[in-house]
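Below: the structure, in structure tokens.
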Amino acid sequence: MLIENIKFLNNTNRDLRELMKKYENEENRDSSVELITSKNGLPTIRYNDGLSKLFLHSKYDPLKESDRIYKKYESSISNCENILFFGVGMGYHIQFIMEKYPNHRYFLFEPNPTILYQFLSVHSVKETFSAKKYQLYTADNEVDQRRVIKDISEQICGSIFLISHPSYERIFKKEYHSFLTDFNEFLKAEITNVKVKVSFQKQWLFNSVKNIKHTLNCPNVLLDIDKKVFKGKPVIIASAGPSLIDELDTLRKIKKEGLAYIFAVGSANKVLIKNNIEPDAVCTYDPQAHNYKVFEEMIESGISHIPMIYGTTVGYETLEKYKGPKFHVVISQDKLTPYLLKDHRENVEVLDDAPSIAIVMLQMLNKLDASPIILAGQNFAYRDQDFYAEGIEYVNRTQKLTQNDQKKVITVESVFGQDIYTSEGFFRMKETMEKYLNIWSREDVINTTAGGATIKGTTFMPLKDVVTKYLTEKVVNNHWHTLTNQKQTDINLIIKFKNLERHHSFHKKTIRDLKKTIKDIDFNVRSSWARSEQKFIKLDSLVSKLESNDFYKIFIKPIVQVEHEQIVKVSRELKFVKDVNEKATKIVESFGKFVNTVDVNTSYIEPVFFELKTDFGV
């Protein structure tokens, strides 16, 4: 490898430098890759696929080939801020396009590390890639490839266009399709995450604030319940999938004989209670206002003895309407509860927000050391025309599939090895659950959902067989919810809220200062370069001040998550902008919009903040 490239990577990309050290040893290189000289004297790569020897670039004139690639994609390149190259090769096509559009941001991925090593051995990175903003990647396994794609997806700010070198689509067909699949999955997940955040970010905050009077006065399942209650005990997570209806007789036997705790998640309580099976707890976390309808039958029939375990960001109407005993788990989207309890408790356990209540409860049971954990009615798929288990019906969500559902189906493997239909939403839930199971490496999570989707990290076993093998004695304490170690919450709320009130005042002043500084930048760029630079420094200082403010962190950041993530990406981009006018224009546009969003949302949340103070007599 060229000495200047080693120095360059040591300074700018140490991870890549470390990986390339492996390929300095010829034994570690791909022997199919051969560095040769083209007819016009430029270095190129010849690849032996076992059947024939193929050139990555034109063996006659690689530069002329680069012009053809550019013209093929010219209109798309000009309209996108980010360009992703699959296949670096000798870099000729990338160099050509970068010279045309030096201000774009580029992500360069080479699927074969040996090829990248050969490139670095004959070409100077600094001389080849003239763009101001680019990142060079390779990967020698699927895990690293997904890590690379995740890193790219987190840096994308604006539109992106993928350019694959034509020869790579032929020679590295498998790698190309693998990369496309992973990249599309990450983009879909990113879009889904943004949609969820936009939809729920205000509800998460609003609910956690409205729920705090319940949360401070009811036990935390992870901290206040006697550890012996669930440790080593079997717990069934009963979900509302279509297969739940098949297990009612077995669940009735389990309940009657106390063989395992039954936690009904989401709408499953409707089916169980209708069939005279009282769960040991009902569990909920959905932040939407209509969530209480999940428990409408329980509320209307006056059932108030079944414990409810709720995530602290659940729709506050649910807690207002349900009169039974309540227990909470703190959800990651709730910033207020940990703040109020952080001095009172050494460790406030927080569970990740997730696309399904079953996944939240799985996290909880993992922390409680329940064993085995048994999944019932966890289809993560449709069954015939059924969306939910029979007996579950809502005005805006029928039990049967709609025509719209059927248009969007995708296939997934069932526990019986057959292809079954599911939705993008169910598939993402399945993937998320599998992610946690993979991290924990537990061997005692049993999926009993006949006909449901395969869930990696679980063992499939019919529920009747689970009873025979594992549920052989009574383990349930029907009074488990009374076995608490909860101590009187001794929080000095006056001190806490006085601190928040002070930070609220600082927050308001910081917003005023930010607005003035952005206005000054807009004015000064036209008159003084030096003053503009000073204002840039002041802006950085004010943004840091904003982000360290307790009021902002608890009440504002949760409802401007998407905008905050966007401004972080813009800040990253600005580091590469040297032209003062261009930098000032981007700052005024992006930071001006962000500060206005913060200001509007501050006005939105202030009445709730003041109401909270009044509720606690502060």
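The values are calculated or read from the model by the stated rules, or taken from the named source; none is laboratory data. The shown structure was predicted, so the numbers you read here are calculated from the model rather than taken from an experiment. Positions of Cβ are generated from backbone atoms using ideal geometry, with glycine treated the same way; all protein chains shown enter the neighbour counts. These area figures cover heavy atoms from the full protein model, side chains too; ligands, DNA and RNA do not enter into them. Shrake-Rupley method; radii C 1.70, N 1.55, O 1.52, S 1.80 Å.
Rounded to 0.05, the FRET efficiency of the E317 and K367 pair, given R0 = 30 Å and the Cβ-Cβ distance, is 0.60. Cross-link partners of K59 among aspartates and glutamates, defined as those whose alpha carbon lies under 18 angstrom from its own and excluding same-chain residues fewer than eight positions apart: E34, D49, D67, E169.
Taking the Cα atoms only, what angle lies between the long axis of helix 248-257 and the longest principal axis of the chain, rounded to 10 degrees? The angle comes out at about 60 degrees. Pairs from the table (K293/K498; K21/K538; K71/K174; K498/K557; K7/K586) lying more than 30 angstrom apart at Cα are K293/K498; K21/K538; K7/K586. Calculated FRET efficiency, E443 to E81, Cβ-Cβ distance, R0 = 51 Å: about 0.60 to the nearest 0.05.
Straight-line cross-link reach from K255 at under 14 Å between alpha-carbon atoms covers these aspartates and glutamates, not counting any fewer than eight positions away in the same chain: E247, E278, D280, E473. Listed values for the range 431-439 are Karplus-derived 3J(HN,Hα) couplings in whole Hz (6.51 cos²θ - 1.76 cosθ + 1.60, θ = phi - 60°), namely 4, 5, 4, 4, 4, 5, 4, 5, 5, and x replaces Gly and Pro. Averaged over its residues, the range 227-332 has an accessible area of 34 Å² per residue, based on protein heavy atoms and a 1.4 Å probe. Rolling a 1.4 angstrom probe over the protein heavy atoms with all chains in place gives the range 491-616 an accessible area of 52 Å² per residue. The Stokes-Einstein estimate for the chain, based on a Kirkwood radius over Cα pairs and taken at 10 °C with 1.306 mPa s viscosity, is a diffusion coefficient of 56 µm²/s.
Which of the residue pairs K210/K342; K321/K553; K367/K407; K274/K435 have a Cα-Cα distance greater than 28 Å in the structure shown? Over 28 Å apart, Cα to Cα: K321/K553; K367/K407; K274/K435. Taking GluC sites (Glu not before Pro) across the range 417-485, the ones in a DSSP loop with at most 13 further Cβ atoms lying within 10 angstrom of their Cβ are E443, E473. Taking 0.36 nm per residue of separation and subtracting the current Cα-Cα distance, fully stretching the chain between D140 and F460 would add 111.9 nm. Would you please give the FRET efficiency between L483 and E296, computed as 1/(1 + (r/R0)^6) with r the Cβ-Cβ distance and R0 = 30 Å, to the nearest 0.05? In this case the efficiency is close to 0.50.
Look at the alpha carbon pairs under 8 Å that are at least 6 residues apart: their mean separation over the length of the range 3-191 gives a relative contact order of 21 percent. Taking a quarter of the surface of the Cα convex hull of the range 491-616 gives a mean projected area of 7.8 nm². As a size descriptor, the averaged projected area of the C-alpha convex hull of the range 156-295 was calculated at 14.5 nm². Based on Cα contacts under 8 Å between residues 6+ apart, the chain shows a relative contact order of 12 percent. With only Cα atoms counted, the range 578-618 has Rg and Dmax values of 17.3, 54 Å.
Phi-derived couplings, Karplus 6.51 cos²θ - 1.76 cosθ + 1.60 at θ = phi - 60°, listed residue by residue for the range 321-329: 8, 7, 9, x, x, 10, 9, 10, 10 Hz, with x used for Gly and Pro. Among the protein heavy atoms of the chain, carbon and sulfur supply 49% of the accessible surface, probe 1.4 Å, non-protein parts ignored.
Dimensions of the range 36-148 based on its C-alpha atoms, expressed as ranges along the principal axes with the largest first, amount to 40, 37, 25 Å. Solvent-accessible surface of the range 3-191, averaged per residue with a 1.4 angstrom probe and all protein chains in place: 48 square angstrom. For the range 3-191, the square roots a ≥ b ≥ c of the C-alpha gyration tensor eigenvalues yield an a/c under 1.5, which makes the shape rounded. Entry for the range 238-368 at q = 0.16, 0.21 Å⁻¹: log10 I(q)/I(0) = -0.82, -1.30, Debye formula applied to identical alpha-carbon scatterers, no solvent contribution.
Size descriptors for the range 418-501, from the alpha-carbon set: Rg then Dmax equal 21.3, 60 Å. Here, the range 218-477 has an Rg and a Dmax of 17.5, 53 Å when only alpha carbons are counted. Beta-bridge orientation, the chain: approximately 30 percent antiparallel, per DSSP, counting only bridges with both partners inside.
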